[in-house]
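Visitor: Below: one structure in structure tokens.
The values are calculated or read from the model by the stated rules, or taken from the named source; none is laboratory data. The model shown is predicted, which means the values in this text are computed figures rather than measured ones. Glycine gets a Cβ as well: all are built from the backbone with ideal geometry, and neighbour counts include every protein chain shown. In case anyone asks, the SASA skips ligands and DNA or RNA and just uses the protein heavy atoms, side chains included. Shrake-Rupley method; radii C 1.70, N 1.55, O 1.52, S 1.80 Å.
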2 protein chains.
Amino acid sequence: MERKRSGRRPGRPDTRQQILAAAREVFAAEGYERSSIRRIATAAEVDPALIHHYFGTKDKLFLEAVEAPFDPKTVIPDVFGPGITNVGERLVRTFIGVWDSPNGTRAEAFLRSAVNHPLMSKLVEQFILNHIIKNALTNLDVEIDHISVRGSLIASQLLGLAMARYLVKLSAICELDAETLAKIYGPTIQRYLEMDLTELHLPPRE
Amino acid sequence: MERKRSGRRPGRPDTRQQILAAAREVFAAEGYERSSIRRIATAAEVDPALIHHYFGTKDKLFLEAVEAPFDPKTVIPDVFGPGITNVGERLVRTFIGVWDSPNGTRAEAFLRSAVNHPLMSKLVEQFILNHIIKNALTNLDVEIDHISVRGSLIASQLLGLAMARYLVKLSAICELDAETLAKIYGPTIQRYLEMDLTELHLPPRE
């Protein structure tokens, strides 16, 4: 294999792949929070220092392991920083922006692999919960209850939008521009974030 | 292959498969409306009478060709017959009902194949537009503009719900019961069906 000229630190490809494979297994089995670099190093049969050397933090290792289409930290402040008003519209605009950018191909591969591989499904769930939702809510100016439920509802509409526009390619959705989609889907996202959930008999609050 | 004891008329499996493969190609290329049994017969190199004999109507042939998880005609009257009030909630309840039934496995295969095969994506679009939406709207008591846009928006939320609950399996969504999901997603569907689209610069009305 040719060595790619990317920003990644070089390393023997098989060691990198070995670490990424071990990381996927450990993250999927233990969850993001409980997984440690040390644990992943044991599973990959390498020294923890090597993982730090190749990948930096646990966060960065996770993003590489799941082949995340983007680093949520680079877009979340713009979406959630300005506060809860119109956050739905901003989220849709940014989401479409990622998919319509060169990263769209990566996003498509990410979604396909979530559909086809149970292990990746688990990692995608952790990506959504730990990397997007929690990051997002710490940037918000209000406290939100039932974070996992609301975050998952929002994810369900965004997953569906991505399915409709980029995978199944429903022509009526493909023909709409980002601004129109933001006006249509924004209020849905906003409602999932703000609607009163107290009268729905939800499982005990996490 | 063993002959299955199903309600299907028997026939040489290769002829049936040959017809179904030709049907998929023709439906995907021409669209449901413009595809005829005669055209499919030519593509499959069989007599049109044989297709009628094996599959009955074009509608039934289509449902078998796309491996539809259910026949929309069997559920649509219950959802749309009572009128536009609360149609969103009824649709979500019925949708979850299909997925939680033994047909759920078929629905899952259907969705996976839509994600993985461009030809199936086209057929799924036709299934949604021609078999679900149009059937649905003829059962409604009011006239609806921008049918394809509204139908596709609704499909996008239902696709996302199916993704979240049955494919990616986001645990917060899996834990909610059908009634709670109907209360949450119903108003989204209802809004996509009834919201004023005149101020969004949509492509010319179909």
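Visitor: Under 8 Å between Cβ atoms, which residue pairs at least 6 apart in sequence (or on different chains) link something in the stretch B:175-195 that is touching a residue at least 12 places away in the same chain (Cβ under 8 Å) and more than 16 Å from residue B:140 (Cα to Cα) with a partner that is among the polar types (S, T, N, Q) and open to solvent by 10 Å² or more (accessible area, probe 1.4 Å)?
Guide: Close Cβ pairs satisfying both conditions: B:186/B:86.
Visitor: Do we have any residue at all in the stretch A:96-110 that's of a type outside the set (Phe, Trp, Tyr) and at pLDDT 95 or above? Write out each step before concluding.
Guide: From the stretch A:96-110, those of a type outside the set (Phe, Trp, Tyr) are A:96-98, A:100-109; that's our starting set.
Of the ones still in play, those that are also at pLDDT 95 or above are A:96.
Yes, because at least one residue in the stretch A:96-110 is of a type outside the set (Phe, Trp, Tyr) and at pLDDT 95 or above.
Visitor: Tell me which residues, restricted to the stretch A:167-177, are assigned to a helix (DSSP H, G or I) and either open to solvent by 30 Å² or more (accessible area, probe 1.4 Å) or under 18 Å from residue A:131 (Cβ atoms) (or both). Explain how you work it out, then say what you get.
Guide: Going through the stretch A:167-177, the residues assigned to a helix (DSSP H, G or I) turn out to be A:167, A:171-174.
The answer is A:171, A:174.
Visitor: Just wondering, is there one or more residues in the stretch B:71-84 that are touching a Ser or Thr at 6+ places or on another chain (Cβ under 7 Å), β-branched (Val, Ile, Thr) and either modelled with pLDDT under 95 or open to solvent by 30 Å² or more (accessible area, probe 1.4 Å) (or both)?
Guide: yes
Visitor: Same structure, new question: Output the number of the condition that residue B:188 fails; it satisfies all remaining conditions of (1) more than 12 Å from chain A (Cβ to nearest Cβ); (2) touching a helix residue (DSSP H, G or I) at 6+ places or on another chain (Cβ under 6 Å); (3) β-branched (Val, Ile, Thr).
Guide: That leaves (1) as the condition not met.
Visitor: Out of B:200, B:158, which single residue is within 8 Å of chain A (Cβ to nearest Cβ), under 19 Å from the mean Cα position of the chain (by Cα) and open to solvent by 10 Å² or more (accessible area, probe 1.4 Å)? So that I can check it myself, show each step before the final result.
Guide: Details: B:200 fails: under 19 Å from the mean Cα position of the chain (by Cα).
On inspection, the qualifying residue turns out to be B:158.
Visitor: Residue A:134 - would you say it is at the interface with chain B (Cβ under 10 Å from one of its Cβ atoms) and open to solvent by 50 Å² or more (accessible area, probe 1.4 Å)?
Guide: Numbers: at the interface with chain B (Cβ under 10 Å from one of its Cβ atoms): no; open to solvent by 50 Å² or more (accessible area, probe 1.4 Å): yes.
No; evaluated as a whole, the condition is false for this residue.
Visitor: On the given criteria, is residue B:148 open to solvent by less than 10 Å² (accessible area, probe 1.4 Å), out of contact with any His (no Cβ under 7 Å at 6 or more places or on another chain) and either more than 10 Å from chain A (Cβ to nearest Cβ) or over 17 Å from residue A:155 (Cα atoms) (or both)?
Guide: Details: open to solvent by less than 10 Å² (accessible area, probe 1.4 Å): no; out of contact with any His (no Cβ under 7 Å at 6 or more places or on another chain): yes; either more than 10 Å from chain A (Cβ to nearest Cβ) or over 17 Å from residue A:155 (Cα atoms) (or both): yes.
Against the criterion (open to solvent by less than 10 Å² (accessible area, probe 1.4 Å), out of contact with any His (no Cβ under 7 Å at 6 or more places or on another chain) and either more than 10 Å from chain A (Cβ to nearest Cβ) or over 17 Å from residue A:155 (Cα atoms) (or both)), residue B:148 does not qualify.
Visitor: Something else now. Exactly one condition in (1) open to solvent by less than 40 Å² (accessible area, probe 1.4 Å); (2) more than 7 Å from chain B (Cβ to nearest Cβ); (3) over 16 Å from the mean Cα position of the chain (by Cα); (4) at pLDDT below 95 is not met by residue A:182; state its number.
Guide: Every listed condition holds for residue A:182 apart from (4).
Visitor: How do the pairs read when you match residues in the stretch B:155-168 that are at positive phi with residues anywhere that are open to solvent by 10 Å² or more (accessible area, probe 1.4 Å) and not in a helix (DSSP H, G or I), using Cβ under 8 Å and keeping only pairs 6 or more apart or on different chains?
Guide: Within 8 Å, no pair qualifies.
Visitor: Looking at the stretch B:63-138, what helices (runs of 4 or more DSSP H) fall wholly within it and have at least 2 residues that are at positive phi? Don't jump to the end; show me each part of the working.
Guide: Details: elements: B:72-80, B:87-100, B:104-116, B:118-126, B:134-138.
Fully inside the stretch B:63-138 and qualifying: nothing.
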